[in-house]
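Trainee: Quick one: the structure is below, questions incoming.
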Amino acid sequence: MTTTQTDSLYLTFADLLDYPTPQTRQQAEALLAQLQPHPEAAQAFEMFSRGLESIALERLQELYTITFDMQPLCYPYIGYHLFGESYKRGALMAQLNETYHAHDFCPQQELPDHLPVALRFLGLQPALREAEFGQTLIAEGLLPALEKMLQPFKQQTENPYFGILTALRLVLVRAAEKELIHA
């Protein structure tokens, strides 16, 4: 996969893990096509795509809120899963903010450890993603957080967000393994 394709992959995952919009179905189709070099991830993602086929946007937005916002199945915050509500999470957010600022990236109205924010940053910063910072963020931040985020879904695998989070984890595992081979 080229850097441009990988950038797009991270950005599309970020878009799909944000609050659903009228473009969500198109973004899902684009991501499914982008995942073809990752057959396992594509298969996991198909669950999300199939879920979109049979659900109205309003219901998807409600499901998103139930899944990630209001008494959520899983919080979409990396630091929360790594450290809970502790000073270590605050330190992680400060480090992320510093790095984002150094690269003229703004997390908008979200906390810096929000999963889509981190993915969007990595998608917009390919050189940094492939450097030590990005690889550490993936290996020691995103992957362990995703493992914890997926645990509550073990009882609710019909939730389409299980499919997208599983696909993302598979893509990131492959990226981390690829980096180890080149290290």
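Computed from the coordinates by the stated procedures, all read-outs in this text should not be read as laboratory data. Just so it is clear, the model here is predicted, and its values are computed rather than measured. Virtual Cβ from ideal backbone geometry, glycine too; neighbours counted across all protein chains shown.
Trainee: Can you tell me the dipole magnitude for the range 66-183 around its Cα centre, using point charges on the Cβ only (Lys, Arg +1; Asp, Glu -1), in Debye to the nearest 20?
Mentor: Numbers: 9 positive and 13 negative charges, 50 e Å.
Around 240 debye, computed over the range 66-183.
Trainee: Roughly speaking, what is the stretch gain from ALA33 to HIS103, that is 0.36 nm per residue apart minus the C-alpha to C-alpha distance, in nm to one decimal? List each step's numbers first, then the result.
Mentor: On the way: separation 70, 0.36 × 70 = 25.20 nm, distance 2.96 nm.
The ALA33-HIS103 span can extend by a further 22.2 nm.
Trainee: Related question: Can you work out the Karplus-derived ³J(HN,Hα) for every residue in the range 103-118? Use 6.51 cos²θ - 1.76 cosθ + 1.60 with θ = phi - 60°, whole Hz, and x for glycine or proline.
Mentor: 10, 6, 10, 10, x, 6, 9, 9, 6, x, 9, 5, 3, x, 5, 4
Trainee: Turning to a different aspect of this structure: Amide H of ASN159: which non-local residues (sequence gap of 5 or more, or other chain) have their own amide H closer than 5 Å, using H built in the peptide plane?
Mentor: When sequence neighbours closer than 5 places are left aside, there are no close amide H contacts.
Trainee: Let me ask you something else. Rounded if a/c is under 1.5, else prolate if a/b is larger than b/c, else oblate: which is the range 92-152, with a ≥ b ≥ c the root eigenvalues of its Cα gyration tensor? Walk me through the numbers on the way to the answer.
Mentor: Numbers: a/c = 1.95, a/b = 1.34, b/c = 1.46.
Oblate is the answer for the range 92-152, as a/c is 1.5 or above yet b/c matches or exceeds a/b.
Trainee: Find the percent of Cα-Cα distances in the chain that exceed 26 Å, and round it to a whole number.
Mentor: Looking at the chain, the distances longer than 26 Å represent 26 percent of pairs.
Trainee: Right, something else. List the residues, sorted by chain then number, that are 5 or more residues from TYR77 or on another chain and whose placed amide H is less than 5 Å from its amide H.
Mentor: LEU115
Trainee: Looking at the square roots a ≥ b ≥ c of the eigenvalues of the Cα gyration tensor of the range 23-84, which shape do they give, rounded for a/c under 1.5, prolate if a/b is larger than b/c, or oblate?
Mentor: In terms of gyration-tensor shape, oblate.
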